[in-house]
Amino acid sequence: MPHKNDKLLLRALRGETLERPPFWFMRQAGRYLPEYRETRAQAGDFLDLCYRPDLAEEVTLQPIRRYGMDAAILFADILLVPQGLGQHVEFRAGEGPVLEPITRNADIPVLDAERLHETLGPVYETVARLSKSLPENVALIGFAGAPWTVATYMVEGGGSKDYPTIKNWAFADPENFQRLIDVVADATALYLKKQIEAGAEAVQLFDTWAMALPPAFHERLVFGPLRRIAEAIHADHPDIPVIGFPRGIGAAYAQAARIRGIAGLSIDWSMDPSWAAEHVQPHLTVQGNLDPRLVVAGGEVMTRAASDILDTLGDGPFIFNLGHGFVPETPPEHVAELAELVKGWRRG
Ligand code: CP3
C-alpha cells in the first residue's frame, strides 16, 4: 500500500524532481462543470454550499472523478475568514461578493478564536470527510486568502478596480493598517491549522491582488504576512508545505522565492517559464502557469503552451497548474485534453 507521504504533490513540494510533475488546477471545482452547477443549484446560495460539508465534499471530488488530478483543493472561499471575524458577507448573483466595509481604525475586528472556529467549523468537517473519501494517491490542499487580498474585500466592500480606500489607508496610516493585516494573518493561521488538523496535507495562500501594490510595499504587506502565517503553522506542524501565490508581482517573484518557510511558489501566467526556471526554481518548487484563457481556446495553441511549460520547468521541482483559475466558459473537454497531456509527459 502506498505511503501517505509518497503522493506526487507532496514529493514535489519536498523539492523532488519527478518523472512527470503532479498537476491540479486553480478553480478546478466550479461553474465550467455541469455537475457543479447542479450541486450549486441544490445548495441555493453560494455560501450555503461552502458551509454544507456533504455538498462541499461532493464538488471538491467532482473534478477528481473526471480528470484524475494529483491533488484536490478544499471547496470553500477566501471570504469565509472575514465572516469568521464577524463581518457581514454575502454573494449576490451576477455581482460577486458584497461586504459591510470596514474603513476606520475603530472598526478593525478583534480576533475571537472561539467565534472564528464556530463559524468555520463546517469547513473543518468538509476537510475531515475528504481526507477519508479521496483516492489514496490524491493529496488534499487546504487554503485561505492572504491577508492583503482578504483585506481588499474587507475594506472596499467587494471587488475593486483601483483599491482607492485600502491603498490610502495602507499608505497614509501604515501603523493602524498593519493591525488589520495582523488580525487577518492571525485568524488565517488559526483557520489553516484547523484545516491541517482535520486532514489537509498542504496549504495555499491566494494573494490575488498583490499586483495592486508597488514593490516597496511587498515586504510589509505581502511577504511579511506570508512568513508570519507559515511560521505559525510550522510551530505546530513543521512538515506541512505552504504554497504562496502572490499574483502579478513580476520580477519580485525572485524575492518571494527566498521567503523562509515557503515550499512552493505559484506563478501567474504573465511570467516566462524560463525566467522562473532561472530565478525561482533554484530556491523552491514552482507551480504554474498556463493562462486559463488558453484552455478556453483549446487545441494546438493550448497544447503547445502547456508542453512548453512542462519542457521548461519539468527538469526541476515543479507542479503543473494554471496561472490563475479556470473561467466559467472553459469547455470541460479541453480540460480533459490538458489533463491527458500532463499525465503522458515524461522528463526527456
Ligand atoms: O476549486 C477551487 O479552486 C476551490 C474553491 C475556491 C473558490 N474560490 C470557489 C468559488 C477557491 C480556492 C477560491 C479562492 C478565491 N475566492 C479567490 C482567490 C483566487 C482567485 O480566483 O483569484 C478570490 C479572490 C475569491 C473571492 C471570490 N469568490 C470572488 C471574487 C467570487 C465571485 C467571482 C467569481 O469568480 O464567481 C467568488 C465566488 C466563487 N468562489 C465561486 C467559486 C466556485 C463562484 C460562485 C458561484 O458558484 O456562483
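Among the residues in region 174-183, are any within 16 Å of the ligand (Cβ to nearest atom) and either at pLDDT 95 or above or assigned to a helix (DSSP H, G or I) (or both)?
No, region 174-183 contains no residue that is within 16 Å of the ligand (Cβ to nearest atom) and either at pLDDT 95 or above or assigned to a helix (DSSP H, G or I) (or both).
With respect to GLU197, determine if the residue is open to solvent by 10 Å² or more (accessible area, probe 1.4 Å), within 16 Å of the ligand (Cβ to nearest atom), on the phi < 0 side of the Ramachandran plot and modelled with pLDDT of 95 or more.
Considered against the rule, which asks whether it is open to solvent by 10 Å² or more (accessible area, probe 1.4 Å), within 16 Å of the ligand (Cβ to nearest atom), on the phi < 0 side of the Ramachandran plot and modelled with pLDDT of 95 or more, GLU197 comes out as no.
For region 109-130, give me the residue count where each residue is open to solvent by 20 Å² or more (accessible area, probe 1.4 Å), outside any loop (DSSP other than H, G, I, E, B) and under 25 Å from ASP186 (Cα atoms).
Qualifying residue count for the region: 11.
The conditions are (1) closer than 28 Å to ARG115 by Cα; (2) more than 13 Å from the ligand (Cβ to nearest atom), and HIS3 fails exactly one of them. Which is it?
That leaves (1) as the condition not met.
Go through (1) open to solvent by 50 Å² or more (accessible area, probe 1.4 Å); (2) more than 16 Å from the ligand (Cβ to nearest atom); (3) more than 21 Å from the chain's Cα centre (by Cα) for PRO101 and report which single condition fails.
(2)
Can you tell me which residues in region 8-60 are in contact (Cβ under 8 Å) with a residue 40 or more places away in the chain, within 11 Å of the ligand (Cβ to nearest atom) and not in a loop (DSSP other than H, G, I, E, B)?
PHE46, LEU47, CYS50, ALA56, THR60
Identify, please: which residue in region 61-77 is among the charged types (D, E, K, R) and touching a residue at least 40 places away in the same chain (Cβ under 8 Å) and is, among those, nearest to ALA139 (Cα to Cα)?
ASP70
Could you please find all residues in region 278-303 being hydrophobic (A, V, I, L, M, F, W, C) and open to solvent by less than 30 Å² (accessible area, probe 1.4 Å)?
Within region 278-303, VAL280, LEU284, VAL286, LEU290, VAL295, MET302 qualify.
Given the conditions (1) modelled with pLDDT of 95 or more; (2) exposed (fewer than 14 other Cβ atoms within 10 Å of the Cβ), report the number of the one that PRO332 does not fulfil.
Tallying (1) modelled with pLDDT of 95 or more; (2) exposed (fewer than 14 other Cβ atoms within 10 Å of the Cβ), PRO332 fails exactly one: (2).
The values are calculated or read from the model by the stated rules, or taken from the named source; none is laboratory data. Every value quoted in this text rests on a predicted model; they were computed, and no experiment measured them. Reconstructed Cβ throughout: ideal geometry from the backbone, glycine too, with neighbour counts over all protein chains shown. Protein only, heavy atoms only, side chains kept; ligands, DNA and RNA dropped before computing areas. Shrake-Rupley method; radii C 1.70, N 1.55, O 1.52, S 1.80 Å.
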